[in-house]
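The values are calculated or read from the model by the stated rules, or taken from the named source; none is laboratory data. None of the values given here were measured: they were computed from a predicted structure. Cβ sites come from the backbone with ideal geometry, for glycine too, and all protein chains shown count toward neighbours.
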Amino acid sequence: MSGVPNTPITIVNVGYRSTNFWVVSAGASRLLVDLGYPGTMGQMRAALARMDIPLREIRFGLATHYHYDHAGLAQEFKQSGVPLLVLESQVSAIPSMLSQVKPSDRFVEITLHDNVTISFAESRAALARIGLAGEILPTPGHSDDSVSLLLDDGSAFTGDLTPPALTGMATAETVTASWRLLREHGATRVYPGHGPARPMP
Ligand SMILES: [Zn+2]
């Protein structure tokens with residue numbers, strides 16, 4: 001019904017320093033989920049080259065949340081021609097990146113006026129335009145601005161959404177609700193921000 005052509009989806013990890021950066025591709029139309037550490041654009045470019053992923057084929061960058069180890073290169077990607085896809089619940093979290101870094105981290109501040117900012121309801125159409133069948137869901141818990149990319153094949157890119165077994169009392173309800181939402185929307189496999197892909201808990 002979405003009109004997305006039936007190009008097989010491939011998933012590649014270009015992560016380094018213990019964080020996964022997932023490249024989700026429909027042929028040569030690609031989405032990068034999580035955007036590197038501050039000051040590491042050279043390392044990121046090398047990781048992409050190693051996996052034969054041309055930067056120009058990345059149609060959007062998406063940060064699962066605005067922590068330095070997930071959105072550190074967002075602005076450099078924009079400067080390299082990769083637009084930043086921002087969800088409505090994330091806008092107010094972007095300025096907080098500045099408080100997470102030291103000058104020596106060489107973080108490039110993320111500007112707010114030139115992003116592709118969408119609502120969750122608009123996410124399916126935005127993804128369809130780059131050949132991906134899926135949606136982006138709000139999955140708070142680890143942070144208020146955490147989102148997950150959920151493909152229609154059940155692949156869920158969850159960032160740092162806390163595994164249910166590790167949930168502290170403070171956020172237990174929020175985390176549980178986020179996992180429930182993913183399950184209700186068909187998630188079967190988890191591609192987390194750290195550690196290997198695994199079945200849905
Ligand atoms: Zn985090």
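For this structure, a couple of remarks:
- Cβ pairs under 7 Å, 6+ apart, first in the stretch 138-156 and closer than 18 Å to Q90 by Cα, second of a type in the set (D, E, K, R): H142/D160; S146/D160; L150/E135
- Count - residues of the stretch 29-60 that are in contact (Cβ under 8 Å) with a residue 60 or more places away in the chain and of a type in the set (V, I, T): 1
- Options G39, G72, G61, G81: the member that is touching a helix residue (DSSP H, G or I) at 6+ places or on another chain (Cβ under 9 Å), farther than 26 Å from L181 by Cβ and surrounded by 22 or more Cβ atoms within 10 Å (Cβ to Cβ): G72
- Condition broken by K102, with the remaining ones in (1) within 16 Å of the ligand (Cβ to nearest atom); (2) without any contact (Cβ under 8 Å) to a residue 24 or more places away in the chain satisfied: (1)
- Applying a threshold of 6 Å to beta carbon distances and a minimum spacing of six or more residues, or different chains, the list of pairs starting in the stretch 62-75 at a residue that is closer than 9 Å to A93 by Cβ and ending at one that is more than 7 Å from the ligand (Cβ to nearest atom) and among the hydroxyl-bearing types (S, T, Y) reads H65/S146.
- One residue stands out among those in the stretch 172-201 that are within 16 Å of the ligand (Cβ to nearest atom) and surrounded by 16 or more Cβ atoms within 10 Å (Cβ to Cβ): the one that is farthest from the chain's Cα centre (by Cα), which is T174.
- Some residue of the stretch 118-129 being farther than 26 Å from R56 by Cβ and in a loop (DSSP other than H, G, I, E, B): yes
- Candidate set: the stretch 61-93, residues that are touching a His at 6+ places or on another chain (Cβ under 8 Å) and part of a loop (DSSP other than H, G, I, E, B); chosen: the one farthest from Y37 (Cα to Cα): Q90
- Residue in the stretch 141-158 that is within 16 Å of the ligand (Cβ to nearest atom), within 17 Å of the chain's Cα centre (by Cα), of a type in the set (A, V, I, L, M, F, W, C) and in a loop (DSSP other than H, G, I, E, B) present: no
- Summed over the stretch 127-157, the residues that are touching a Leu at 6+ places or on another chain (Cβ under 7 Å) and either among the aromatic types (F, W, Y) or at pLDDT 95 or above (or both) give a count of 16.
- Residue within the stretch 39-60 that is of a type outside the set (S, T, Y), assigned to a strand (DSSP E or B) and more than 19 Å from I110 (Cα to Cα) present: no
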